[in-house]
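Student: The structure follows.
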Amino acid sequence: MANINYANKEIIIKIVYYGPGMSGKTTNLQVLHQMVPKDAASKMISLATEQDRTLFFDLLPISLGSVKGFNTKFQLYTVPGQVYYNTTRKLVLNGVDGVVFVADSQMGKMPENKESLENLRENLAEYGIDMTKFAVVMQYNKRDLNPIYSIEELQRELNPYGFPYAEAIAFKGQGLMETLKLISKITLQRIGSKTGAQVQYADGSPPPAQQAQPAQQAQPASSSEFFKNLQKKM
């Protein structure tokens with residue numbers, strides 16, 4: 001559950017980007033960090049081992065929306081994708097409020113995607129969380145490569161629960177804002193429903209439905225445009 005700081009009237013929400021190794025989790029956060037205004041993001045913190053360059057703990061707090069007068073701050077984390085780092089992945093999931101599952105669209109990567117998704121389900125279960133009822137957004141990354149699975153194939157194989165999803169080309173910044181908007185709305189709504197608080201979005205729109213339509217890809221925006229558009233769409 002989200003941490004509530006009554007002194008600062010702030011709700012801190014933890015979002016974890018999960019997925020197989022090299023699917024684009026770290027790229028998501030690195031590019032997002034570059035896109036948001038400097039005063040909206042803290043310094044990005046990363047840790048790496050000699051064996052795995054994808055072992056990062058990325059922190060990106062940004063303020064979006066409000067819940068019963070409390071400002072919200074989102075902290076975004078990545079986890080290592082390799083199996084032998086499962087202990088680390090479980091630790092990063094501790095206290096999670098929402099998950100973005102970054103799937104690799106490349107042909108031949110389906111087994112890795114499935115293994116990582118099942119690993120996510122198992123690790124969430126250890127914290128007493130039923131993934132099928134949790135705040136999860138599927139991101140189908142690397143849509144610019146060839147050959148890749150179709151969205152229909154990815155949906156059939158990876159998304160039987162009907163989680164909202166977005167297409168992305170992470171290194172170009174395409175689909176990242178859409179993904180962040182989806183997971184932000186879902187987590188805010190979930191927190192609001194559990195606390196009985198009213199969730200307020202800038203445009204007054206409802207949270208995305210479980211069977212959400214794919215988010216349209218967008219060209220990378222400047223940092224100020226990115227933050228302004230994201231708040232506007234909230």
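The values are calculated or read from the model by the stated rules, or taken from the named source; none is laboratory data. None of the values given here were measured: they were computed from a predicted structure. Cβ placement follows ideal geometry from the backbone for every residue including glycine, while neighbour counts extend to all protein chains displayed.
Student: For residues that are surrounded by fewer than 20 Cβ atoms within 10 Å (Cβ to Cβ), touching a helix residue (DSSP H, G or I) at 6+ places or on another chain (Cβ under 6 Å) and within 22 Å of residue 76 (Cα to Cα), tally how many sit in the range 145-174.
Tutor: So the answer is 1.
Student: For the condition within 19 Å of residue 123 (Cβ to Cβ) and at pLDDT 85 or above, what is the one hit in 18, 84?
Tutor: Only one candidate passes the filter, namely 18.
Student: Separate question: Which ones in the range 132-144 are free of Cβ contacts under 8 Å to residues at least 24 places away in the same chain and crowded, with 16+ Cβ neighbours inside 10 Å?
Tutor: none
Student: For residue 216, indicate whether it is modelled with pLDDT under 85, on the phi < 0 side of the Ramachandran plot and not aromatic (Phe, Trp, Tyr). Spell out the reasoning first.
Tutor: Working: modelled with pLDDT under 85: yes; on the phi < 0 side of the Ramachandran plot: yes; not aromatic (Phe, Trp, Tyr): yes.
Yes.
Student: Shifting gears a bit: Scanning the range 74-118 for residues that are part of a loop (DSSP other than H, G, I, E, B) and of a type in the set (A, V, I, L, M), which turns out nearest to residue 144 (Cα to Cα)?
Tutor: From the range 74-118, those part of a loop (DSSP other than H, G, I, E, B) are 79-82, 94-97, 105, 107-109; that's our starting set.
Restricting the remaining residues to those that are of a type in the set (A, V, I, L, M) gives 79, 96, 107.
On the way: 79: 24, 96: 30, 107: 12 Å.
The extreme case among them is 107.
Student: Separate question: Assuming residue 177 fulfils every condition listed in (1) assigned to a helix (DSSP H, G or I); (2) closer than 29 Å to residue 70 by Cβ; (3) modelled with pLDDT of 95 or more; (4) touching a helix residue (DSSP H, G or I) at 6+ places or on another chain (Cβ under 7 Å) apart from one, which condition is it?
Tutor: (3)
Student: Against the conditions (1) without any contact (Cβ under 8 Å) to a residue 60 or more places away in the chain; (2) in a loop (DSSP other than H, G, I, E, B), where does residue 22 fall short? Just the number, please.
Tutor: Just one mismatch for residue 22, condition (1).
Student: Here's something else I'd like to know. Take the residues in the range 127-168 that are under 12 Å from the mean Cα position of the chain (by Cα) and among the β-branched types (Val, Ile, Thr); name whichever of them is nearest to residue 89 (Cα to Cα).
Tutor: Once the filter is applied, the top-ranked residue is 136.
Student: So, one more: State all residues of the range 1-15 that are in a strand (DSSP E or B), touching a helix residue (DSSP H, G or I) at 6+ places or on another chain (Cβ under 8 Å) and over 8 Å from residue 74 (Cα atoms); if no residue qualifies, say none.
Tutor: First pass over the range 1-15, keeping only residues in a strand (DSSP E or B): 3-5, 10-15.
Cutting the leftovers down to touching a helix residue (DSSP H, G or I) at 6+ places or on another chain (Cβ under 8 Å) gives us 11, 13, 15.
Once the filter is applied, which keeps residues that are in a strand (DSSP E or B), touching a helix residue (DSSP H, G or I) at 6+ places or on another chain (Cβ under 8 Å) and over 8 Å from residue 74 (Cα atoms), the range 1-15 yields only 11.
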